[in-house]
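The next block holds one structure in the form of structure tokens; read it before the comments.
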Amino acid sequence: MQYDWAEITSLAYLTLLELDLHEFPIPAKKIKCKDVIISSYQNYAAKTGLSIEEITLGHELEDAFLQKGLRPNLNLILYDKDKYGARMKHTLWHEVGHIKCNHQKHGEKEEIEAHYFAAQANAPNILIKTIAQRGYNIDVPFLMNCFSLSEEAAKKKKGYLSKYGFEHSNEYDDVVLLQFSDYINAKYPPKTLHFYDDYYDNLEREREKW
Ligand SMILES: [Zn+2]
């Protein structure tokens, strides 16, 4: 299967820029998407008079799901309020990912893409890279604490970073970094004396690619 990871990363980063988010962890209630209503099953049931069983047709066991085509141009992401937490955030971003990637079906490829979108929106690689360059040790507890990831999501991210490091750069890296710069500077000031050396080395290396 062919995947365009850079494109999915761009979509996730554009979503963070569009939502005007400036710090992590992002509270679940700030996860939004244009033309999409995000509501709990419970709230939606109260509003529509439908029972939870009717609303969650076939999805009873899921934290959240995407409902398309109820009305033209209306997408609905419904989530189970009782399961609100770190895992839910990944799930909400996952559903937003389906919309942003313009998925028309729910196949294996679409699932993988939506998970990748969620992993980048929830804990952008460019921020992790910058924090690592400042001398912080990026392990599973760090990822859980910094981005309020679930243990499962933090392990997956750590696995990805062990495999690829920070070799994947993105066209929006600099803009995302700028948007979160106050947060990063306040919470993760450089620890190492080498920071600026590495930083300029990297700039130099970047330039060689031009
Ligand atoms: Zn999905």
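A few comments on the model shown:
- Over region 4-59, the fraction of Cα-Cα pairs per 5 Å bin, rounded to whole percents and listed from the shortest bin up, is 4, 15, 18, 16, 16, 12, 13, 6, 1.
- Cross-link reach list, lysines versus Lys105, counting only Cα pairs under 19 Å and skipping chain neighbours closer than eight places: Lys68
- Once the chain from Arg71 to Tyr3 is taken as fully extended at 0.36 nm per residue, the excess over their C-alpha distance is 21.4 nm.
- Per residue Cα convex hull volume in Å³ - calculated over region 85-159: 80 Å³
- Derived scalar couplings ³J(HN,Hα) [region 33-43; Karplus, 6.51 cos²θ - 1.76 cosθ + 1.60; whole Hz; x for Gly, Pro]: 7, 4, 6, 10, 9, 10, 9, 6, 3, 4, 5
- Remark: region 138-146, residue by residue, has Karplus-estimated 3J(HN,Hα) of 8, 10, 4, x, 4, 5, 5, 6, 5 Hz, where x stands for each Gly or Pro and the curve is 6.51 cos²θ - 1.76 cosθ + 1.60 at θ = phi - 60°.
- Gyration tensor over alpha-carbon atoms, region 3-102, equivalent ellipsoid semi-axes in Å: 24, 15, 12
- Modelled FRET efficiency - R0 45 Å, Asn185 with Asp82, Cβ distances, 0.05 increments: 0.75
- Mean residue ellipticity (222 nm) of the chain, computed from DSSP H runs ≥ 4 via -39,500 (n - 2.57), nearest 500: -16500 deg cm²/dmol
- Segment Tyr164-Glu108, extension gain: residue separation times 0.36 nm, minus the distance between their alpha carbons: 17.9 nm
- Inverse mean reciprocal Cα-Cα distance (Kirkwood Rh) of region 5-208, Å: 18.2 Å
- Label point distance in nm, Val175-His22, each placed 7 Å from Cα along Cα→Cβ: 1.8 nm
Throughout, read-outs are computed from the coordinates displayed, never taken from laboratory work. Values in this document were obtained by computation on a predicted structure and should not be read as measured data. Cβ sites come from the backbone with ideal geometry, for glycine too, and all protein chains shown count toward neighbours.
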